[in-house]
Amino acid sequence: MALRMMKMSSRMRLKTLLSLVAGASIFLAFVFYVGVNNFLTVLLTLNPFFLTASFVFFFAFLVIRALRWQILLNPFTNLDLGTTLAATGTGYMVNALFPVRVGEVARAAIVSKKGRMSFSCALSTVVVERFFDLLYMFLLLISFYIMIMGNAMTPITLTLSISACFLIALGVVVIVILVRYEGGIRWLTRRTSKWAKLTNFLLSIEEEIRVSSKYFRSLKFHLLTFLVTLLNVIAIASAFWATSISFSLPAVLFGVTLFSLASVIPSLPGGMGSKELIWATIFIPMGMSELDAATSGLAVHLIILSCVLGIGAISVLLLKLSPTERSPEGREYAIPHSPR
C-alpha cells in the first residue's frame, strides 16, 4: 500500500514537473516572439492610471465576491466578512499557482475549518456560487456580442462564443431540472450510491440550494452577482488598457468576458503559457495583430497574477489571525438532510 502511494506521489510530481516545463516553454515562446527588450519596454511603460485601476477593481471584485459568499454561508455559520474575504483571496492564489482550480477546494476547506461546518456543505456553496458566476458571465457575453455584431466578430470567435454559451446553457438546464423536479437529485444519487463521497456531495448541493433558495430570489444577491461579473471584466480590461494597445472598446469587453469564461478550463500551474494562448486565440480572430495579442496577453497575465499573489499573501496572514467560529454545541455543523 505504501509502495503504491509512493508511486502515485512520484507520478503526480512528474506530471507537475512536465506541466511546469510545458507552461514555461509556451510562456518563453511568447516572450521571444514579442522580443525581450520590447516586452520589458511595455512593462516599464505601463499606464499607471489603468494599472492602479486594475488592482482597485480586482480588489473590489474580491470584496463583493466575499460578501456574496457570506450570504450563502449565513444559514450554516456566522463567519465575518474579513474571514470570507481572506479565504477567497487565498483560494484565488492557490488557483493561480496550481492546476485544475484546486483553490475552490482550498477556500471551502478554510471556511469549513473556521466556521465549524462540514466540508461538503462549504464546497456546495462554492458550486452554487460558481454556477451563478457562469450564468451572469453568459448573459454579459450575449450583451457584448450584440454590441459588436457585424463589427469585430469573425467565424472563429463566433464559434468560440457559441460553444461557451451552449455549455453554460446546458449546465443551467441540468441544474433547473435537478432542482425544479424533486426526484432529480434522488435519481442521480441512486446511481452514485457506490461512491459515498460523491453521493453526500450531491445531497449537500441539493440541501444548500433548498436552504439558500430565498437568497437566490433576492435582489441583493443578484445585484452582487452582477457586480462581481462586471468588476472582474473591468479589472482585466483595465490591465489591457494599461498596455496602451489600441483596440475597440466593445471588442475588448467581449474578448475579456470570453477570456474570463475560459478560466473554467484547467490550466497549467500558474497559468503560465495557457493564459497567453487563450488570450491570443480569442483576440487574433477578432482582428488584433499577432504581436499586439501576444504582448497584451503576457502583460495582462502578469498584472492580474501580481494582484492575485499580493492579495493572496496578505489573505494567508489574515487567516492566521482570524478566530474560528463555533456552533452553539461546539461541534461541526452539517446540513441535516431531509428524509427521502
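The values are calculated or read from the model by the stated rules, or taken from the named source; none is laboratory data. Keep in mind the model is a prediction, meaning the values are calculated, not measured. Don't worry about glycine lacking a Cβ; one is built from the backbone with ideal geometry, like all the others, and counts go over all protein chains shown.
Beta carbons closer than 6 Å, at least 6 apart along the sequence or on distinct chains, pair a first residue in segment 291-317 that is farther than 14 Å from Phe259 by Cβ and without any contact (Cβ under 8 Å) to a residue 60 or more places away in the chain with a second that is β-branched (Val, Ile, Thr) and surrounded by 17 or more Cβ atoms within 10 Å (Cβ to Cβ) for Asp292/Ile245.
Answer with yes or no whether Ala53 is closer than 22 Å to Ala239 by Cα and either touching a residue at least 40 places away in the same chain (Cβ under 8 Å) or in a helix (DSSP H, G or I) (or both). Spelling it out, Ala53 is indeed closer than 22 Å to Ala239 by Cα and either touching a residue at least 40 places away in the same chain (Cβ under 8 Å) or in a helix (DSSP H, G or I) (or both). For segment 90-128, a residue qualifies if it is in contact with a Ser or Thr (Cβ under 8 Å, 6 or more places away or on another chain), small (Gly, Ala, Ser), assigned to a helix (DSSP H, G or I) and surrounded by 19 or more Cβ atoms within 10 Å (Cβ to Cβ), and the qualifying residues are Gly103, Ala108, Ser112, Ser120, Ala122, Ser124.
Residues of segment 68-89 that are in a helix (DSSP H, G or I) and either under 16 Å from the mean Cα position of the chain (by Cα) or not hydrophobic (A, V, I, L, M, F, W, C) (or both): Arg68, Trp69, Gln70, Gly82, Thr83, Thr84, Leu85, Ala86, Ala87, Thr88, Gly89. When segment 19-35 is limited to residues that are farther than 19 Å from Ser289 by Cβ and β-branched (Val, Ile, Thr), the one that is surrounded by the most Cβ atoms within 10 Å (Cβ to Cβ) turns out to be Ile26.
Inspect all residues belonging to segment 215-225 and state whether any of them is farther than 19 Å from Glu129 by Cα and aliphatic (A, V, I, L, M). No, the conditions are met nowhere in segment 215-225. Pull up segment 279-291, narrow it to residues that are touching a helix residue (DSSP H, G or I) at 6+ places or on another chain (Cβ under 8 Å) and not aliphatic (A, V, I, L, M), then point me to the one that is nearest to Asn37 (Cα to Cα). My answer is Glu290. Among the residues making up segment 280-313, those that are in contact with a Gly (Cβ under 8 Å, 6 or more places away or on another chain) and under 13 Å from Leu43 (Cβ atoms) are His301, Leu305. Thr192 meets all of the listed conditions (1) more than 19 Å from the chain's Cα centre (by Cα); (2) of a type in the set (Val, Ile, Thr); (3) modelled with pLDDT of 65 or more but one, namely (3).
Ser204 meets the conditions (1) outside any loop (DSSP other than H, G, I, E, B); (2) surrounded by fewer than 20 Cβ atoms within 10 Å (Cβ to Cβ); (3) at pLDDT below 85; (4) among the hydroxyl-bearing types (Ser, Thr, Tyr) in every case but one. The failed one is (2).
Quick grid of which residues meet (1) outside any helix (DSSP H, G or I); (2) more than 24 Å from Ala280 (Cβ to Cβ); (3) at pLDDT below 95:
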| site | (1), (2), (3) |
| --- | --- |
| Met6 | no, yes, yes |
| Leu14 | no, yes, yes |
| Ser19 | no, no, yes |
| Ser25 | no, no, yes |
| Tyr33 | no, no, yes |
| Thr41 | no, no, yes |
| Phe59 | no, yes, no |
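Considering Asn37, Asn78, the condition of being farther than 27 Å from Ile234 by Cβ and free of Cβ contacts under 8 Å to residues at least 60 places away in the same chain is satisfied by Asn37 alone. Once segment 129-154 is narrowed to residues that are of a type in the set (S, T, N, Q) and outside any helix (DSSP H, G or I), the residue that is modelled with the lowest pLDDT is Asn151.
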